[in-house]
Amino acid sequence: LFSRKALTRLIWPLIVEQALAITVGLADSMMVASVGEAAVSGVSLVDMISVLLINIFAALATGGAVVTSQFLGARDIKTARRSTDQLVLATAVLSLLITVLVLTFRRGLLRLFFGSVEPDVMENCLTYIVITAPSYPFIALYNSAAAIFRAQGNSKLSMKVSLLMNAINLGGNAILIYIVGMGVAGVAIPTLVSRIVAAAVMMALLCH
């Protein structure tokens with residue numbers, strides 16, 4: 001059904017995008033190293049939870065996009081649009097619910113996953129998770145939109161937006177850590193902002 005060239009055009013941006021998806025948390029851990037060991041530990045621990053949730057959102061988005069692609073293949077555009085609406089709505093509701101649960105039970109959740117940690121590490125964990133958890137709905141919407149574009153054979157678009165997200169995060173980290181000196185909050189805020197921007201761009205493109 002597809003030539004090798006067509007598959008290559010579709011797959012290599014996807015590989016780059018998936019690598020960039022984990023770069024945001026990795027960059028936070030690396031750039032906060034100047035603040036201290038407790039800060040690095042706190043960011044790294046929370047990032048493990050974030051990566052797990054992001055993978056869940058990506059899996060949900062991919063499953064929904066498969067349904068959409070089937071309707072696209074059948075040239076049933078009206079139903080494809082309806083399935084896209086349902087995917088975005090389901091993703092938004094689920095991610096909002098997870099965000100509320102994470103923020104409500106954040107301390108117990110961290111102790112459940114990581115047991116007893118040093119008080120300074122726990123404080124950094126709490127700071128980072130309180131700021132970054134509200135980004136979960138936005139990264140979930142980004143994943144949904146990216147999956148829908150891939151279902152249409154366009155994987156370069158989400159890769160470019162992912163590059164933008166990482167650029168915003170790296171630039172914000174550099175300013176807030178090295179210039180403003182905000183510590184863990186200095187890497188958490190750019191993560192939140194970058195995911196909001198990425199979701200807004202992808203949803204705007206999807207609507208048009």
key: Output for segment 132-151, where each listed residue is of a type in the set (Val, Ile, Thr) and under 8 Å from the mean Cα position of the chain (by Cα)   = Ile139
ask   = Given the conditions (1) aliphatic (A, V, I, L, M); (2) open to solvent by 30 Å² or more (accessible area, probe 1.4 Å); (3) touching a residue at least 40 places away in the same chain (Cβ under 8 Å); (4) assigned to a helix (DSSP H, G or I), which single one is not true for Ala92?
value = (2)
task = Output yes when any residue across segment 43-65 is modelled with pLDDT under 85 and among the hydrophobic types (A, V, I, L, M, F, W, C), and no when none is.
result = yes
note = Among the residues of segment 1-33, the number that are within 23 Å of Met182 (Cβ to Cβ) and either aromatic (Phe, Trp, Tyr) or open to solvent by less than 80 Å² (accessible area, probe 1.4 Å) (or both) is 9
Pairs where the first residue, in segment 69-81, is outside any loop (DSSP other than H, G, I, E, B) and the second is aromatic (Phe, Trp, Tyr) and surrounded by 13 or more Cβ atoms within 10 Å (Cβ to Cβ), C-beta under 7 Å, 6+ apart = Thr79/Phe71; Ala80/Phe71
key: Among (1) open to solvent by less than 30 Å² (accessible area, probe 1.4 Å); (2) modelled with pLDDT of 80 or more, the one test that Glu37 misses   = (1)
note = Listed by first then second residue, the pairs whose first member lies in segment 185-208 and is closer than 16 Å to Gly171 by Cβ and in contact (Cβ under 8 Å) with a residue 60 or more places away in the chain, whose partner is of a type in the set (Phe, Trp, Tyr) and in a helix (DSSP H, G or I), with beta carbons under 6 Å and at least 6 positions apart or on separate chains, are Ala188/Tyr128; Arg195/Phe138; Ile196/Phe138; Ala198/Tyr142
remark   = Selection over segment 96-140 where residues are at pLDDT below 90 and touching a Leu at 6+ places or on another chain (Cβ under 7 Å) yields a count of 1
Qualifying position, being more than 16 Å from the chain's Cα centre (by Cα) and modelled with pLDDT under 95, among Ser155, Ser162 = Ser155
query = Can you name the residue in segment 45-82 that is under 26 Å from Asp28 (Cα atoms) and among the polar types (S, T, N, Q) and, of all such residues, is least open to solvent (accessible area, probe 1.4 Å)?
reply = Ser50
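The values are calculated or read from the model by the stated rules, or taken from the named source; none is laboratory data. Just so we're clear, the structure is a prediction, and the values are computed from it rather than from any experiment. Cβ: placed from backbone, ideal geometry, glycine included. Neighbour counts: every protein chain shown. We work out accessible area using only protein heavy atoms, side chains counted, and drop any ligands, DNA or RNA first. Shrake-Rupley method; radii C 1.70, N 1.55, O 1.52, S 1.80 Å.
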